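Have a look at the structure below, then the notes.
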Amino acid sequence: MKAKVSKTYFVLVAILTAVATTVALTSCNGGSTSQQETTAAATAAATQDSAAQPQSNSGATALQESDIQINDTIENTEDGGHAILADGESKTVSHTLVTKTGEADGDEADFYGENAAIFATNGGTLNLSDMVVKTNGTHANAVFSYGEGTTVNIANSYIETGGNCSGGLMTTGGGTMNAENLTITTSGNSSAAIRSDRGGGTVNVTGGSYTTSGKGSPVIYSTADITVNDAEMTSTASQGVVVEGKNSVTLNNVNLTADNNTKNSDKSDTYQAVMIYQSMSGDAAEGASSFAMNGGTLTNKNGDVFFVNNTVTDISLNNASITNNGGGVFLRAAAAGWGSEGSNGGQVTLHASNQSINGDMIVDSVSHLNLYLKSSSAFTGAINSDGQAGAVYVDIEDGSTWTLTGDSYITSLTCSANAVQLNGHKLFINGVAYTEGAASYGDAIAVTAANSGAHGGMDGGTPPAKPGERS
């Protein structure tokens, strides 16, 4: 490793040349089946004014670089190299500025951690605190945990990445990432603040501020099981959260703002705050995914709130404040450019508990929806207002309500008397008009992971053998 250590403060000034990569929605590896796209060079992330920083849920200002006392500096400029490496060993590092330039591409970087500034692998453990980590290179992830038994614990640290395909926290191959009270900003394309790739793992994040501004750079891109608590999250160009394949995201008391206004793929015409899908790139196992939001806020600035395509998913909303300023629908379950035509819709079960839902829902002919309104939840909106399409079951528990804002077409309904307020509109159940004030008894739509299984037989999201191990 060609790393040099000094006591001086290192300032990055590097300009990346344009690179052509084959990407999935936000992935950088060459195994993707999504469009070939040439991404423009990304400049280094700008120094942020502390007065303009977002506030955390506790009301405290987000951690700034200047808040961290630096005692050492580690610089790495080698293509593919690391500034800090824990290979099957335990290391503790604190109060250190880490800077990383250098380039990498493809699977070695995205799956196995090549060119990451800080890298743990082969069952190693890294304990990091009071760190400043800055990278400016293609595929220069900041902090990377690879492989089962590998753990990275990082707290009270500031992370900034400026290149394309350069996430803040990266987890693959079954690794574990535990993070607390971080500030992460990324400005490159395909550079999620909290990122995972093939083989996934477990990611736990508590507190902090997480901001992305690049194309194809949601705050969270999940091919893992990711839980975030008490954090501030903002995306200014991409979705706020993307879940791919048989994986999950859980947000507890998180404030998420998403402004998805740029396209990283031509496979979908819509914009959204939360996207749940299966890309068929092989980076995520096929099967049922989940997204849960408990408390907190979700503010959507463009397009739909939720979009589900080519997968089975369970969405759970519990007392979350959701504001849709994007002009789109609340939920769209529909086919797009991923998967096999005719079987690539969204198969959605939506559980709402103590939840207010405002906005329409669209379920196309190759999709279905089971909607459960529980614990005094209130849904105000229409379902398939243009006419019957995919199968839709609505179950309204006593004390919850559905108020229509347009004619609606569903296939089955369970509710007590007076749970549905037609509000001057018509509700059709399998083509028969519902009578306001009547109780109804229907059957839910059977949901199995097999609903998304006819798409080509992925390998379960397991990383391929490393070079030299292939037969």
Note on the range 188-293: contact order normalised by length, alpha-carbon pairs under 8 Å, 6 or more apart, percent, works out to 26
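Can you give the Kirkwood hydrodynamic radius of the range 237-335 from its Cα pairs, in Å with one decimal?
Working: mean 1/r = 0.0743 Å⁻¹.
Here the Kirkwood hydrodynamic radius works out to 13.5 Å.
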In Å, the C-alpha Rg and Dmax of the range 90-243 are 13.2, 38
Surpassing 32 Å at the alpha-carbon level, of the pairs K301/K374; K267/K301; K246/K426, are K246/K426
Taking 0.36 nm per residue of separation between D386 and V432 and subtracting their Cα-Cα distance, the length gained on full extension comes to 15.0 nm
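Per residue Cα convex hull volume for the range 77-163, in cubic angstrom?
On the way: hull volume 5.8 nm³, N = 87.
So the per-residue hull volume is 67 Å³.
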Ranked on Cβ counts within 10 Å of their own Cβ, fewest leading, C165, C28 go C28, C165
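Counting other beta carbons within 10 Å of each residue's own, what order do T138, T121 fall into, fewest first? Spell out each step's value before the answer.
Details: T138 27, T121 23.
Fewest to most other Cβ atoms nearby, the residues stand as T121, T138.
When only C-alpha pairs under 8 Å and at least 6 residues apart count, what is the relative contact order of the range 58-108, in percent?
On the way: 48 pairs, mean separation 22.2, N = 51.
Answer for the range 58-108 is 43 percent.
Counting pairs of alpha carbon atoms under 8 Å apart in space and at least six apart in sequence, what relative contact order in percent does the range 171-236 give?
Numbers: 179 pairs, mean separation 24.2, N = 66.
Result for the range 171-236 is 37 percent.
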By the mean-Cβ-within-10 Å protection proxy, highest first, 125-134, 72-81 rank as 125-134, 72-81
Whole-percent tail of the Cα-Cα distance distribution for the range 323-416, cut at 15 Å, equals 59
Working note, the range 126-205: Cα radius of gyration (Å, one decimal) and Dmax (Å, whole number) are 11.4, 31
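Any read-out appearing in this document is the output of simple, stated calculations on the displayed coordinates, not a laboratory observation. Note that the coordinates shown come from a computational prediction; the quantities given were computed from them, not determined experimentally. As a convention, Cβ positions derive from the backbone with ideal geometry for all residues, glycine included, and neighbour counts pool all protein chains shown.
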